[in-house]
Amino acid sequence: MANLFESQVLAGIVPLKNRIVLAPMTRTRTSDRDVPNELMGTYYGQRAGAGLIVTEATDVAPSSKGYALTPGIYTEAQRQGWRWVTDEVHRHDGTIFLQIWHVGRMAHPSIMPNGEPPWGVTGERAEHSDVFAHDADGKLGFIRAGTPRRLSTDEVSALVGTFSQAFANARQAGFDGVEIHGANGYLFDQFMNSALNTRDDRYGGSNVEDRTRFLMEVVEAAVRELGPGRVGVRLSPFGKYNSMPADPLAEETLLYVAEQLGRRGVAYMHLVYQLMPAGNMESSEFKERHIDHVLLAKVRAAFPGAIIWCGGFTNRESAQAALDTGLVDLIAFGRPYIANPDLAERLKHGWPLAEADPSTFYTRRGEVGYTDFPAYSVERAESR
Ligand SMILES: Cc1cc2nc3c(=O)[nH]c(=O)nc-3n(C[C@H](O)[C@H](O)[C@H](O)COP(=O)(O)O)c2cc1C
């Protein structure tokens, strides 16, 4: 069985020093105009002990913004800003993929270009979910998502071109690969969900091929730009985050997608099985619908690439136990990485983990709660 600390070569192309992944996490520390900066380079460089770093979700265009202060990858300045980050990670011998998204309906006119409505698969609003935007007084905070405008068929096709340009920018910015954010109720997830996607064009309806067409066209564009082995896809089937309705066809869609991603040379599927606000695997909601081992085995049979498993891992034992099932290849850690930049080292040596303060997750407070957590070896030396 795979050992958590053993190296592997992703898709036979990208070497990873261990099987630990830094899960993508939005941290809202960008500079003006959504430009990544040196501070972000420091943050990711500190975490280069992970086999694979997946960055925070990054906008492909101004229309894809659902949270103020998230980075973009569509201007020259953003591309150069990301270069800081990738150089810093590579200087520390790390591997870094850029997570790319479009939030679709999970946005608000106050952060959309020209105050336009969010872009939707349909006109249906995420009634119960918030985005990080400006309220009526211009103050930043979590407010209800706006009512979306349904995208036309041509607009969806045009978005594929927008993603393609973003992938080219990611390559030029020095990323080792990209992860397409198909999880957590954002645009790709909205298209794939049969209860939400009631469109009657080539991108929607009851036929799985139509509902997944947008994702597949974007995956093809990514593989064209970066080559096979350098593209991953994140999915959260059964997730309810961001007002996603229960999808009776979720399993069918997942297995179809797994098979199609394999055909297109996708390096990994990144499966999330527990979401924010998370932490409660005992909740009836969680028990009701999740990816169990039986379903994972079916995904495994359908998809020849690697599988990353994310959600609720807080120690070495649970991560190794997941690898020992033989059903997954890599384990992603989100929240534990916030206060433990040297998480891989701590897990390896059995060192204690520091606790993060959730009030610093999304703030403009620069390094506070971001880059000011010492590595355990430094902390220990200083306390002597
Ligand atoms: C502060 C924060 C920001 C997050 N931002 C993203 C994101 O940008 N993209 C994404 O796919 N998931 C995001 N997530 C979800 C995490 O990647 C992960 O799936 C979730 O935290 C569960 O893993 P954990 O139990 O190890 O924290 C975020 C989670 C947190 C805590």
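The values are calculated or read from the model by the stated rules, or taken from the named source; none is laboratory data. Just so we're clear, the structure is a prediction, and the values are computed from it rather than from any experiment. Cβ sites come from the backbone with ideal geometry, for glycine too, and all protein chains shown count toward neighbours. Ligands, DNA and RNA are excluded from the accessible area calculation, which covers all protein heavy atoms including side chains. Shrake-Rupley method; radii C 1.70, N 1.55, O 1.52, S 1.80 Å.
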| From the set of residues in the stretch 15-38 that are within 13 Å of Gly94 (Cα to Cα) and surrounded by fewer than 20 Cβ atoms within 10 Å (Cβ to Cβ), which is nearest to the ligand (Cβ to nearest atom)? | Lys17
| Within the stretch 56-66, is there a residue that is open to solvent by 10 Å² or more (accessible area, probe 1.4 Å), within 19 Å of Trp101 (Cα to Cα) and within 13 Å of the ligand (Cβ to nearest atom)? | yes
| said: I need the full set of residues from the stretch 1-20 which are under 21 Å from Gly227 (Cα atoms) and not in a loop (DSSP other than H, G, I, E, B), in order please. | reply: Gln8, Val9, Leu10, Val14, Pro15, Leu16
| query | Out of the stretch 148-189, which residues are buried (at least 16 other Cβ atoms within 10 Å of the Cβ) and part of a loop (DSSP other than H, G, I, E, B)? | reply | Pro148, Leu151, Ala173, Gly174, Phe175, Asp176, Ala183, Asn184, Gly185, Tyr186
| query | What are the residues in the stretch 315-341 that are of a type in the set (S, T, N, Q) and open to solvent by less than 20 Å² (accessible area, probe 1.4 Å), if any? | reply | Asn340
| Which residue out of Ser359, Ser318 is over 30 Å from Asp34 (Cβ atoms) and hydroxyl-bearing (Ser, Thr, Tyr)? | Ser318
| said: Cβ contacts < 6 Å: first residue free of Cβ contacts under 8 Å to residues at least 60 places away in the same chain and more than 23 Å from Val233 (Cβ to Cβ), restricted to the stretch 20-45; second residue open to solvent by 10 Å² or more (accessible area, probe 1.4 Å) and among the small types (Gly, Ala, Ser), any location; separation 6+ or different chain. Result? | reply: Val35/Ala77; Asn37/Ser31
| request: Could you list all residues from the stretch 84-108 that are open to solvent by 10 Å² or more (accessible area, probe 1.4 Å) and closer than 20 Å to Ala166 by Cα? | output: Trp84, Asp87, Thr95
| query | Residues in the stretch 216-243 that are surrounded by 24 or more Cβ atoms within 10 Å (Cβ to Cβ) and either in contact (Cβ under 8 Å) with a residue 60 or more places away in the chain or not β-branched (Val, Ile, Thr) (or both): how many? | reply | 8
| query | With (1) loosely packed, with under 14 Cβ neighbours inside 10 Å; (2) small (Gly, Ala, Ser); (3) in a loop (DSSP other than H, G, I, E, B); (4) within 15 Å of the ligand (Cβ to nearest atom) as the list, and Gly312 as the residue in question, which single condition is left unmet? | reply | (1)
| field | Tyr376 under 21 Å from the mean Cα position of the chain (by Cα) and surrounded by 12 or more Cβ atoms within 10 Å (Cβ to Cβ) | value | no
| query | Any idea which residue in the stretch 342-370 is farthest from Leu22 (Cα to Cα), counting only those that are open to solvent by less than 10 Å² (accessible area, probe 1.4 Å) and assigned to a loop (DSSP other than H, G, I, E, B)? | reply | Gly369
| field | Pairs with Cβ under 6 Å, 6+ apart, first in the stretch 316-340 and part of a helix (DSSP H, G or I), second of a type in the set (Ser, Thr, Tyr) and surrounded by fewer than 20 Cβ atoms within 10 Å (Cβ to Cβ) | value | Pro336/Thr314
| request: Looking only at the stretch 15-45, count how many residues are at negative phi and within 19 Å of the chain's Cα centre (by Cα). | output: 19
| If you check Ala339, Ala302, which single one turns out to be at pLDDT 95 or above and within 25 Å of Pro358 (Cβ to Cβ)? | Ala339
| query | Taking the stretch 317-343, which residues are within 14 Å of the ligand (Cβ to nearest atom) and farther than 22 Å from Met269 by Cβ? | reply | Ile338, Ala339, Asn340, Leu343
